[in-house]
1. Within the set of pairs 6+ apart or on separate chains, which have a first residue in region 317-328 that is in the same structural domain as residue 262 (by TED's automatic domain parsing) and more than 15 Å from residue 356 (Cβ to Cβ), a second that is assigned to a loop (DSSP other than H, G, I, E, B) and at pLDDT below 95, and C-beta atoms under 8 Å apart?
2. (1) farther than 17 Å from residue 177 by Cβ; (2) in contact (Cβ under 8 Å) with a residue 60 or more places away in the chain; (3) in contact with a strand residue (DSSP E or B) (Cβ under 7 Å, 6 or more places away or on another chain): which one isn't true of residue 344, the others all being true?
3. List the number of the failed condition for residue 140; all other conditions in (1) touching a residue at least 40 places away in the same chain (Cβ under 8 Å); (2) within 30 Å of residue 79 (Cβ to Cβ); (3) surrounded by fewer than 21 Cβ atoms within 10 Å (Cβ to Cβ) hold.
4. Output the number of residues of region 387-424 satisfying the condition of being touching a strand residue (DSSP E or B) at 6+ places or on another chain (Cβ under 8 Å) and part of a helix (DSSP H, G or I).
5. Just checking, does region 107-127 include any residue being closer than 21 Å to residue 415 by Cβ, modelled with pLDDT of 95 or more and part of a loop (DSSP other than H, G, I, E, B)?
6. Could you check how many residues of region 106-124 are out of contact with any helix residue (DSSP H, G or I) (no Cβ under 7 Å at 6 or more places or on another chain) and surrounded by 13 or more Cβ atoms within 10 Å (Cβ to Cβ)?
7. Which condition from (1) touching a strand residue (DSSP E or B) at 6+ places or on another chain (Cβ under 6 Å); (2) crowded, with 17+ Cβ neighbours inside 10 Å is the one that residue 384 breaks?
8. Say whether the condition of being closer than 16 Å to residue 68 by Cα and modelled with pLDDT of 95 or more is met by at least one residue in region 372-382.
């Protein structure tokens, strides 16, 4: 018997049968149960194979990207405010961490964020993490006495003291970065899976992922919630909800609310059309920012574009809003300026101008996440999250501080956020903690 010929014929038969099966599966209706059963199983096997480095604890695959920048840690420290402290959030070295450093990179304090240690039961997460390297955080806020507040992505909101002890951990599904309210409470975006059109008429059929505005008090109790679907319909903006031309819901979300920020009393006079306590919302999937009253009942102002998939809009003095525009691509040609950028939007006129990025010599790009912080000096602290980089630039575009979150020779790990603080903000005199 010619065994080689037999093996060949057997393999060819399996390939033919497999190809026929796959072809048949591609041709069936996607709402049929067999389609979802088969492709769901194949997708689960593919996911399990991809997750092996995570499960073995060798590589945090969800946080790594090819390196675009040279160096490691603080690579530039030239002329920026020397005594500032920088709060970093990201996958730092071997875990999700928050780290407070000096401008020269000296570490002041560190918090390790492990979902399994904070939540013995993570089943309430939208996607319960298989390991701590599957639980992703975003930005972090900090109190003068060193407490930090952060959220696991589509998981829970957590408050830790300056030595890493958990003060409270909510089991409401929250996501993206929290922000302080003027009274010391916390505002953040939340999520909930909805099976049907409730609590108000929904213009589509099918289940969907609802985005909500949540408020929590300082002790972690939820004090407020409002669904974006309800807000949009109450304000007559159904047309924006269907602007994509899609008439079936997406389980991954119609809105993707990724920021909620309060207008502080100190800036309210610069916005005569708003009031202190009004809220600025960023709706990524609609390339939209809007301002509502404090109770999220009336939309007072909204704008779509020129930004694309934006993050982190901030109220600024002079009636301006700045934001991180992730943008749609990374190309740069003579007639097309791709890449991410920082926009400044005049609320009264609607005029927009680029503060940084989208031009030669200022190339940055992060398709997801990322933040910015306008300094009193006019400098910009920018976090290019998926490039593992934070940097500060002057109004003229000179880089005066840079931090690169390197993983190995060819890759970086995500750096979610970098915020500068004047040392006078903190009441902590001694950041040391017990060894345990």
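1. 328/308; 328/309; 328/338
2. The failed condition is (2).
3. (3)
4. 2
5. Yes, region 107-127 contains at least one residue that is closer than 21 Å to residue 415 by Cβ, modelled with pLDDT of 95 or more and part of a loop (DSSP other than H, G, I, E, B).
6. Of the residues in region 106-124, 9 are out of contact with any helix residue (DSSP H, G or I) (no Cβ under 7 Å at 6 or more places or on another chain) and surrounded by 13 or more Cβ atoms within 10 Å (Cβ to Cβ).
7. Against the list (1) touching a strand residue (DSSP E or B) at 6+ places or on another chain (Cβ under 6 Å); (2) crowded, with 17+ Cβ neighbours inside 10 Å, residue 384 comes up short only on (1).
8. yes
The values are calculated or read from the model by the stated rules, or taken from the named source; none is laboratory data. Keep in mind that what you see is a predicted model, and the values were worked out from it rather than measured. Positions of Cβ are generated from backbone atoms using ideal geometry, with glycine treated the same way; all protein chains shown enter the neighbour counts.
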